[in-house]
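**Q** Before we start, here is the structure in question, set down as structure tokens.
The values are calculated or read from the model by the stated rules, or taken from the named source; none is laboratory data. What you are looking at is a predicted structure, and each value in this text was computed from that prediction instead of being measured. Positions of Cβ are generated from backbone atoms using ideal geometry, with glycine treated the same way; all protein chains shown enter the neighbour counts. Calculation scope for accessible area: heavy atoms of the full protein, side chains included, ligands and nucleic acids excluded. Shrake-Rupley method; radii C 1.70, N 1.55, O 1.52, S 1.80 Å.
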Amino acid sequence: MRPLILEHKPMNEKFRDSISTINEAGKRAWVYAKKPKGVLYKYRSYLSYVLLAFLVSAPFIKVQGNPLLMFNVLERRFSIFGFPIWPQDFHLFVITMIIGVVGLALFTVAFGRIFCGWICPQTIFMEMVFRKIDYWIEGDRGAQMRLDKQAWNAEKIRKKGLKWLIYAVISFLIANVFLAYLISSDVLLGYILEGPEAHMTTLITLLIFTGVFYWVFAWFREQVCVIACPYGRLQGVLLDRKTVVVAYDHVRGEGENGRKKFKKDEDRAALGHGDCIDCMQCVHVCPTGIDIRNGTQLECVNCTACIDECDTVMEKIGKPKGLVRYASEAEIADRTPFVFTWRMKAYSAVLVVLIGVLVVMLSMRNSVEATILRLPGQVFQHTEAGKLSNVYTFKLINKTNVDLDSVELKLIDTRGTLKMVSNDWVKIPAQGLVGGTFFVEKSPAEVDGAKEKMTIGVYRSGQLIETTKVHFLGPRSFHD
């Protein structure tokens, strides 16, 4: 497979023939990643703990009575940072997603796949939860390899069984959190209190998701990033020579005569060898099994494990750190600093425009949504008083978190009388809707055409909060 950014020619070209997790026989090459350590790994761990806490708690945190995050696809109800989005507001959700995509594209153009290594939930769960369980139970890279090769004895059964049991428990908890995002935490907690017997369909769905998560983290693992995730393939069109990525400084590392194993008191510079001592530690620590010295590749998730490991080696042999670091190909080859390119400016401009559009849409969003329709199959009727009457149905949606009482409908800028079938006013519960029927009556002299457009206002305690337009049908003779 050809790397995305590669100006130097590596000595071994075999990496181009397949992805790192497939061996020469075409079978899965299991990645035994060495336990990472270092400054960047410590910062990643801290950030991961914060993000994990947020991910687990977000559907349970309430903002003005709404979940902090909820994506109820079945009922088309969403809550983003406590802001409720109803089906009628779906355009807001769409533009929010577009802003996210453009923002991610801008971030990738500038800093590569850093999102995958530092923020992506798949990477966080894999590297900061499940792989740490591997290290805790089975040991580091060498111990894991030896354990897999040995026969199924008491030790292997105990370690593998304990690991798989913990995997299953954590997968079940993740599935519950995932379900809370879909149906809200209140509904999930209600299901739990009522017992599984009352919600067998939900329980079966939950177990299916548990199986999926278990399969992903126990077996599929880094293949999600390499095969399933489409984001890695976007690098080919988003990255360029000026994008900052996790990169190997081939100018310094290779020198004139290439890399060479370390020998104490050897003058490597005089012999024309670079600072890379070919220790392979950057490969052993990589969670996707690549050699970063071949350039930026599809499998690289910018996790910085190779940076920490290489810095540790450089420190031990008395060489400067940064042989593998965050840098662009232009910085390494041409020694040019990072610049805000025209592509980044273009993405930024689009992002600013989209954010501005979203802000305007949010400011124009009403707290009450009114839907008024003429009763299907009805035209007009003559009343005993000699007036013309049209019948309408209405639905009022309350998008706020408080009950709205004293809500009434009135005609605006048109003659006639609006009569409710039941009460003159209605009460709309918080995050709920009410419906009903009303008549509009007009005398023949008040009818302006066979199909007159009317504006109906929704008032609360005398204050106009929403307007909608409908048609009043009358006999064509009045129009003529």
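**Q** Residues being of a type in the set (A, V, I, L, M) and under 26 Å from Phe220 (Cβ atoms): count how many of those fall in segment 263-300.
**A** Final tally of qualifying residues: 6.
**Q** May I pose another question? Give segment 436-448 a look and list any residue that's surrounded by fewer than 15 Cβ atoms within 10 Å (Cβ to Cβ) and at pLDDT 90 or above, or say none.
**A** Correct list: Thr437 only.
**Q** Further question on the same structure: Could you identify the single residue in Val224, Val251, Val237, Val216 that is modelled with pLDDT of 95 or more, in a helix (DSSP H, G or I) and on the phi < 0 side of the Ramachandran plot?
**A** Val216
**Q** Now a separate question. Only one of Gly289, Gly295 is modelled with pLDDT of 90 or more and not β-branched (Val, Ile, Thr); which?
**A** Among Gly289, Gly295, only Gly289 is modelled with pLDDT of 90 or more and not β-branched (Val, Ile, Thr).
**Q** Is it fair to say Lys9 is open to solvent by 60 Å² or more (accessible area, probe 1.4 Å), of a type outside the set (Gly, Ala, Ser) and either modelled with pLDDT under 85 or assigned to a strand (DSSP E or B) (or both)?
**A** The answer is yes for Lys9.
**Q** Checking the conditions here, which among Leu396, Leu358 is modelled with pLDDT of 90 or more, among the aliphatic types (A, V, I, L, M) and more than 30 Å from Leu106 (Cβ to Cβ)?
**A** Result: Leu396 is the single residue among Leu396, Leu358 that is modelled with pLDDT of 90 or more, among the aliphatic types (A, V, I, L, M) and more than 30 Å from Leu106 (Cβ to Cβ).
**Q** Which residues, taken from segment 315-343, are buried (at least 18 other Cβ atoms within 10 Å of the Cβ) and of a type in the set (D, E, K, R)?
**A** Residues satisfying the conditions are Lys319, Arg325, Glu329, Glu331.
**Q** Give segment 250-294 a look and list any residue that's of a type in the set (Lys, Arg) and either more than 24 Å from Asp140 (Cα to Cα) or surrounded by fewer than 17 Cβ atoms within 10 Å (Cβ to Cβ) (or both), or say none.
**A** Passing the criteria: Arg252, Arg259, Lys260, Lys261, Lys263, Lys264, Arg268.
**Q** Now for a different question. Please list, ordered by first then second residue, the pairs with beta carbon atoms under 7 Å, 6 or more apart or interchain, first in segment 327-346 and in contact (Cβ under 8 Å) with a residue 60 or more places away in the chain, second loosely packed, with under 15 Cβ neighbours inside 10 Å and acidic (Asp, Glu).
**A** Matching pairs, first to second residue: Glu329/Glu7; Ala333/Glu7.
**Q** Taking segment 421-454 on its own, how many of its residues are over 41 Å from the mean Cα position of the chain (by Cα) and closer than 24 Å to Trp86 by Cα?
**A** So the answer is 2.
**Q** So, of the residues in segment 138-164 that are aliphatic (A, V, I, L, M), open to solvent by 20 Å² or more (accessible area, probe 1.4 Å) and free of Cβ contacts under 8 Å to residues at least 40 places away in the same chain, which turns out to be farthest from Gln235 (Cα to Cα)?
**A** So, considering only residues that are aliphatic (A, V, I, L, M), open to solvent by 20 Å² or more (accessible area, probe 1.4 Å) and free of Cβ contacts under 8 Å to residues at least 40 places away in the same chain, the one farthest from Gln235 (Cα to Cα) is Ala154.
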